[in-house]
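The values are calculated or read from the model by the stated rules, or taken from the named source; none is laboratory data. Since we're looking at a predicted model, the values are computed, not measured. Quick reminder, even Gly has a Cβ in these numbers, built from the backbone with ideal geometry, and neighbours come from all protein chains shown. Keep in mind that these areas ignore ligands, DNA and RNA; they rest on the heavy atoms of the full protein, side chains included. Shrake-Rupley method; radii C 1.70, N 1.55, O 1.52, S 1.80 Å.
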Amino acid sequence: MIPPHLLPAYEECRRIQQHHGKTYYFSTLLFPKDVRPHVNALYGFVRYPDELVDNPVHATIPERCRAVRQFRMQTIQAHANKSVENPILHAFGHTMRTMGIQLKDALDFLDAMESDLTISRYKTYAELQKYMRGSASCVGRMMCPLLGVDDEKALTHAAQLGEAMQVTNFLRDIKEDYARGRIYMPLEDMERFGVTEDHIKNGIVDDNWKAFMRFQIERNRHIYAEADKGLLSIPPTRRKAVACARVLYSDILTRIEKNQYDVFNKRAATTLSRKLFVAGSILFGMNHTRLAHD
């Protein structure tokens with residue numbers, strides 16, 4: 001039960017998720033009503049520092065670092081049930097305390113957000129995975145208490161799903177990330193396929209680029225398949241929302257393929273009709289792996 005005085009804070013988190021995370025918000029609607037506000041709060045928590053880093057208003061790098069560190073300090077205070085100004089942390093602090101989210105996971109996530117201000121290239125996929133252990137895998141781990149799972153195997157698969165979904169975002173948002181000065185694609189993979197920064201800068205979709213993207217998508221689908229092994233650990237009433245999010249996110253990979261790997265001029269987006277079909281099919285018991293390959 002959400003205390004009445006916190007309802008406005010949770011509503012603010014819900015609005016943030018609805019505006020910024022349309023696919024994930026749609027999937028969140030499949031959670032039981034008592035779970036949704038906590039998912040909204042977690043989304044609000046991860047979105048706020050992302051905005052501090054990526055969409056600052058006339059802020060220098062040092063100013064953005066200070067803003068993230070201040071948010072970090074306030075997160076610690078919110079976890080300890082101390083007064084903070086940020087309404088998002090009113091909600092997320094309550095969610096952390098009542099649902100059992102580990103403070104370390106939240107702080108590891110904020111460390112990864114801050115690293116985006118100083119690290120803009122990753123030589124290998126292993127280096128990128130190290131970053132994603134904070135930026136994505138921790139989010140999967142923070143979701144576990146909301147899903148009612150706590151065994152280590154389930155935590156591992158939740159971390160894999162977080163990684164898979166973030167890589168999908170990286171593939172979709174290559175152009176936008178480059179505009180912010182970042183390339184999340186492993187440099188050794190680019191070199192292997194004869195892809196250079198000019199491909200991204202100039203939106204070049206040649207045979208080298210297509211082969212490179214096919215390789216990235218194949219690896220990403222393998223991570224989704226590994227993450228799928230943990231779905232049965234989730235109680236059925238909460239599993240459907242996770243399965244829906246998994247299918248709709250992986251659908252983005254199919255959209256990229258249908259767009260002939262052109263992520264520069266065509267945004268890979270899932271249609272409302274597809275979202276409704278997937279949600280309805282999952283609600284009526286269709287296996288998510290079948291939907292993921294439709």
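So for region 123-170, Kirkwood radius off the Cα pairs, Stokes-Einstein at 10 °C and 1.306 mPa s: how many µm² s⁻¹? Working shown, then result.
Numbers: Rh = 10.7 Å.
Using the Kirkwood radius from Cα pairs, D works out to 148 µm²/s.
Picking from I101, I200, S281, whose Cα lies most toward the positive end of the charge dipole for the chain (charges on Cβ: Lys, Arg +1; Asp, Glu -1)?
Checking the options against the dipole of the chain, the answer is S281.
Please report, in Å, the Rg and the Dmax of region 70-188, where both are computed over Cα atoms only.
15.5, 47
DSSP loop (so not H, G, I, E, B), at most 13 other Cβ within 10 Å: list which trypsin sites (Lys or Arg not before Pro) in region 20-99 pass both filters. Intermediate results must be reported in sequence, preceding the final value.
Working: sites: K22, K33, R47, R64, R66, R69, R72, K82, R97; in loops: K33, K82.
Sites meeting the loop and neighbour criteria: K33, K82.
Counting only protein heavy atoms, what percent of the accessible surface of region 138-294 is carbon or sulfur at a 1.4 Å probe?
Carbon and sulfur atoms account for 52 percent of the accessible area of region 138-294.
Sorting check: for 206-216, 161-171, which peptide has the highest mean count of neighbouring beta carbons within 10 Å, and how do the rest follow?
Working: 206-216: 16.7, 161-171: 22.5.
In decreasing order of mean packing, 206-216, 161-171 become 161-171, 206-216.
When the helix-only estimate is applied to the chain (DSSP H runs of n ≥ 4, each -39,500 (n - 2.57), divided by the residue count), what is the mean residue ellipticity at 222 nm, nearest 500 deg cm²/dmol? Walk me through the numbers on the way to the answer.
On the way: 16 runs with 204 residues, N = 294.
Value at 222 nm, helices only: -22000 deg cm²/dmol.
Quick one: if you take sqrt(5λ) for each eigenvalue of the C-alpha gyration tensor of the chain, what semi-axes come out, biggest first, whole angstrom? Walk me through the intermediate numbers first.
Working: eigenvalues 179, 123, 54 Å².
After scaling each eigenvalue by five and taking roots: 30, 25, 16 Å.
Return the carbon/sulfur percentage of the accessible area of region 38-118, one whole number, probe 1.4 Å, all protein chains in place. Before the final figure, lay out each step's value.
On the way: 1900 of 3700 Å².
That fraction is 51 percent.
Work through the residues other than Q70 whose Cβ is under 13 Å from its Cβ and net out their charges, Lys, Arg +1 and Asp, Glu -1. Mind showing how you got there, number by number?
Numbers: positive: R64, R66, R69, R72; negative: E63, E85, E114.
It works out to a net charge of +1.
Over the residues of region 150-294, compute the C-alpha Rg and express it relative to 2.2 N^0.38 Å. Can you show the working numbers first?
Numbers: Rg = 16.3 Å, N = 145, 2.2 N^0.38 = 14.6 Å.
With N residues counted in region 150-294, Rg over 2.2 N^0.38 Å equals 1.12.
Taking only C-alpha pairs under 8 Å that are 6+ residues apart, what is the relative contact order of the chain in percent?
On the way: 359 pairs, mean separation 53.4, N = 294.
For the chain, the relative contact order is 18 percent.
So, counting K/R as plus one and D/E as minus one, what does the shell of residues with Cβ under 14 Å around M96 add up to? Each step should come with its number before you reach the end.
Numbers: positive: R72, K82, R97, K104, R141; negative: D105, D108.
With Lys, Arg at +1 and Asp, Glu at -1, the neighbours total +3.
If one computes P(r) from the Cα atoms of region 1-87, what percent of pairs lie at distances over 14 Å? Intermediate results must be reported in sequence, preceding the final value.
Working: 2554 of 3741 pairs.
Percent of Cα pairs beyond 14 Å in region 1-87: 68.
Could you give P(r) for region 45-89, binned at 5 Å from zero, as whole percent values over all Cα-Cα pairs?
Values per bin, smallest distances first: 5, 23, 31, 22, 13, 5, 1.
Accessible area per residue of the chain at 1.4 Å probe, in Å²?
On the way: 14070 Å² over 294 residues.
That works out to 48 Å² for each residue.
Using only C-alpha positions, report the orientation-averaged shadow area of the convex hull of region 1-42, nm², one decimal.
So the Cα hull casts an average projection of 2.6 nm².
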